[in-house]
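The values are calculated or read from the model by the stated rules, or taken from the named source; none is laboratory data. Source: prediction; values computed, not measured. Cβ placement follows ideal geometry from the backbone for every residue including glycine, while neighbour counts extend to all protein chains displayed.
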Amino acid sequence: MRKKDKDLYNPKTCIQISILVNILLTGFKFLAGIFGLSQAMIADAFHSLSDILTSVVVYVGVHIGAMPPDEDHPYGHGNAETIAASVVSLIILGIGAFAGIEALLAIIKGDFKVPLNLALSAAVVSIVVKEALFRYSIKVGQVNNNPAIIADAWHHRSDALSSVAAFFGILGAKASFLLLDPLAGIVVAMLIVKIGIELMRTNVGIIMDERPQIEFIENICVYAREVEGVKKIDDVKVHRRGSSFTVDLEISVDSSITVSEGHNIAAQVRKKLLRSQKSISNVMVHVNPHRSRHKD
């Protein structure tokens, strides 16, 4: 990856871009909502304001997660990213619930208005910008295997969905279908809540040390077996901490070799795994004796 691309896909760079874009977009939405006579756009502006808050939470999480191990945190600070992602998912859930309640109250009160074209234009701009931010952020999150960035990306998508609802609501109101605005708001609120629940489920799995994908574990075994002297893989445990993994591996080696030789084989396995998988931050290898009567 070229240096320019590497900088662009840096998690902190991604968050800084998100914060700057959201500040500009939030101000634009508020002005468009107020002067365009659109309650939907004002509510959408509050959604973008929450994006700023969540991006700040994610930035703090990524910053702490990048700190090296210390005496109190021998495995590093990677879980800060998962905690940040969990906070983001809770904020998304809260926003979805708030948006749904507001839309329902608008129907009950019959609080309908006919918005201006300015509000409609703001909705289009918001959809394009937030979808672009989503695609960029999700790519950065996947490249860095960072749950906090991925959570923030889905928050961008939820904001884009909110703007879609605002667009159709404003369009419907201008066409005299005033009820379409709050109804669309309820539908999108449900989608936002769904995104929040899915993100929370993923982060709870990380916190609970849920096993990663089986392909990841199988690759570890394949690479370990390639090291000369490894007779058998006895056990593999993988612990995820934020965007990185710690591997506990048990291997069998010839029972007739010396302790020093067994240690060297373990060191080669550790070295190979660290080189083969960027997301692996540490490998602990335990050596067991292997006898010929054992079956591989």
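Taking the criterion of being in contact with an Asp or Glu (Cβ under 7 Å, 6 or more places away or on another chain) and closer than 29 Å to ILE150 by Cα, the residues of region 160-184 that qualify are ALA160, SER162, SER163, ALA166, GLY169. For region 227-255, a residue qualifies if it is within 26 Å of THR82 (Cβ to Cβ) and either of a type in the set (Phe, Trp, Tyr) or outside any strand (DSSP E or B) (or both), and the qualifying residues are GLY242, SER243, PHE245.
For every residue, the table says whether it meets (1) surrounded by fewer than 21 Cβ atoms within 10 Å (Cβ to Cβ); (2) of a type in the set (D, E, K, R).
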residue: ILE192; (1), (2): no, no
residue: ASN203; (1), (2): no, no
residue: ASP209; (1), (2): yes, yes
residue: ASN219; (1), (2): yes, no
residue: GLY229; (1), (2): yes, no
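Every residue, every condition in (1) outside the structural domain of SER243 (by TED's automatic domain parsing); (2) touching a residue at least 24 places away in the same chain (Cβ under 8 Å); (3) farther than 23 Å from MET208 by Cβ, yes or no:
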site	(1), (2), (3)
ILE19	yes, yes, yes
ALA40	yes, yes, yes
SER50	yes, yes, yes
VAL58	yes, yes, no
HIS73	yes, no, no
ILE92	yes, yes, no
GLY96	yes, yes, yes
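Filtered by the rule that a residue be at positive phi and out of contact with any helix residue (DSSP H, G or I) (no Cβ under 7 Å at 6 or more places or on another chain), region 223-240 gives no residues. When we screen SER158, SER176, SER243 for residues that are of a type outside the set (A, V, I, L, M) and on the phi > 0 side of the Ramachandran plot, the only hit is SER176. For region 244-285, the set of residues classified as closer than 13 Å to LYS231 by Cα and exposed (fewer than 14 other Cβ atoms within 10 Å of the Cβ) consists of SER255, SER256, listed by residue number. It is to be established whether one or more residues within region 95-114 are among the β-branched types (Val, Ile, Thr), modelled with pLDDT of 85 or more and farther than 14 Å from ASP44 by Cβ. The answer is yes; a qualifying residue exists. Taking the conditions (1) within 20 Å of PHE46 (Cα to Cα); (2) within 11 Å of the chain's Cα centre (by Cα); (3) of a type outside the set (Ser, Thr, Tyr) in turn, VAL125 satisfies each one other than (2). For region 75-119, the tally of residues that are assigned to a helix (DSSP H, G or I), over 32 Å from the mean Cα position of the chain (by Cα) and of a type in the set (Val, Ile, Thr) stands at 2.
If you go through region 41-76 and keep only what is among the hydroxyl-bearing types (Ser, Thr, Tyr) and either in contact with a Phe, Trp or Tyr (Cβ under 8 Å, 6 or more places away or on another chain) or farther than 30 Å from ALA103 by Cβ (or both), you end up with TYR59, TYR75.
Among the residues of region 102-116, what is the count of those that are closer than 19 Å to ALA189 by Cα, touching a residue at least 40 places away in the same chain (Cβ under 8 Å) and surrounded by fewer than 21 Cβ atoms within 10 Å (Cβ to Cβ)? Qualifying residue count, region 102-116: 5.
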